[in-house]
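One structure is given here, and the rest of the page talks about it.
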Amino acid sequence: MSPDPDQLTAELPARVYFSSTWLSLPWTPWVPFTATKEEFRQIPKEPGHYRIRPIGKDFLMYIGETRRTVHERLNELRHTLKRTDLMPWNDPHTAAPSLWAWQDAEGFEYECSATPLDASQSGRRGMESFLLYRYRQEYGESTLCNFGRFHPRYRKSTNRKENKRGGKLAENHLDNPAGGPSVPPLPVIGTPGDRDFMGIRWSGRLPLDGEMIGTVPPGAGLYLLFERDTGDLIYIGQSEDCAKRLRSHAMKFLGEKDLLFSYYIVEKPVLPHNLKELENDLIGNYFEMYRKAPRYQFGNHR
């Protein structure tokens, strides 16, 4: 017998990220994935954002955005998770394999809440980064299924084309590195572009050319791109090889923009999902300050 969502929700401690007005957005009530078609109509048939939590728990599993209707996106996702014998593919729902793995391992049953937002791709994705950033600030770590995070004892399905189904790892198999811990949220210090932005020791601003990129030490890290003329911060990035990524940016903007960059190389080994968490903290803080994403962040700069 399934648990009564109303009873379990009533027992949860008050969490601001569960609120119907979280971050001043009009969130719907929480609707179980097992809801009837009529009950699920509370999810809006408009583009927007959504959050997913396990029934009876005090944390979120996933925060997402869609340019389709949120109702269509979540309705497809809940039906995808109904099949319990096979982990779903990584497309069209990138979070489906991770949600399935936690469901299989822990017996989680999910419910969702959504808010409409009819905006550009950059606007929606910027808001998604802001929601994830604020959740990290409020809860202390990331959702379990964003940034490529995964259950440590499961491997992830590929997309349908690659045709490699995921599932539970053998007992003698090492843990999936994507199941490693979340890094703590960055402290809210300085303003975007400052040398101490979010408590990081950024380098000075350097011309985005081969000579200056050659001075960047090897390793994983974070970087910022600026327009030289205006000083505007136009892109926030992360890479397991910062110098290589900066060279690709230099080639992309060759002859088009005169740019500067600033960087921070992480001093110890870091997992891919941890780099993405830190990058998102920076983007989320920028969005909080200016209510928009950096101009080139999500490819929608025209």
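The values are calculated or read from the model by the stated rules, or taken from the named source; none is laboratory data. Since the structure is predicted, the reported quantities are computational estimates derived from the model, not experimental observations. For neighbour counting, all protein chains shown are included, and Cβ atoms are generated from backbone atoms with ideal geometry for every residue, glycine included.
For the range 265-278, filtering for residues that are closer than 17 Å to Val216 by Cβ and of a type in the set (D, E, K, R) leaves 1. Number of residues in the range 36-75 that are within 22 Å of Ser142 (Cα to Cα), hydroxyl-bearing (Ser, Thr, Tyr) and without any contact (Cβ under 8 Å) to a residue 60 or more places away in the chain equals 1.
Give the range 37-60 a look and list any residue that's among the hydrophobic types (A, V, I, L, M, F, W, C) and not in a loop (DSSP other than H, G, I, E, B), or say none. Spell out how you get there, then give the answer.
Going through the range 37-60, the residues among the hydrophobic types (A, V, I, L, M, F, W, C) turn out to be 40, 43, 52, 55, 59-60.
The answer is Phe40, Ile52.
The residue that is nearest to Met87 (Cα to Cα), among those in the range 135-150 that are hydrophobic (A, V, I, L, M, F, W, C) and in contact with a strand residue (DSSP E or B) (Cβ under 9 Å, 6 or more places away or on another chain), is Cys145. Scanning the range 193-214 for residues that are part of a helix (DSSP H, G or I) and acidic (Asp, Glu) gives a single hit, Glu211. Please work out if Glu72 is modelled with pLDDT of 95 or more, touching a strand residue (DSSP E or B) at 6+ places or on another chain (Cβ under 9 Å) and surrounded by fewer than 19 Cβ atoms within 10 Å (Cβ to Cβ). Yes, satisfied. Among residues of the range 87-138 being part of a helix (DSSP H, G or I) and of a type in the set (Asp, Glu), the one that is surrounded by the most Cβ atoms within 10 Å (Cβ to Cβ) is Glu128.
On the given criteria, is His151 under 16 Å from Glu141 (Cβ atoms), in the same structural domain as Thr80 (by TED's automatic domain parsing) and part of a loop (DSSP other than H, G, I, E, B)?
Numbers: under 16 Å from Glu141 (Cβ atoms): yes; in the same structural domain as Thr80 (by TED's automatic domain parsing): yes; part of a loop (DSSP other than H, G, I, E, B): yes.
So His151 fits the description; yes.
Taking the criterion of being closer than 19 Å to His151 by Cα, assigned by TED's automatic domain parsing to the domain that holds Glu141 and polar (S, T, N, Q), would at least one residue in the range 88-95 satisfy it?
Scanning the range 88-95 turns up at least one residue that is closer than 19 Å to His151 by Cα, assigned by TED's automatic domain parsing to the domain that holds Glu141 and polar (S, T, N, Q).
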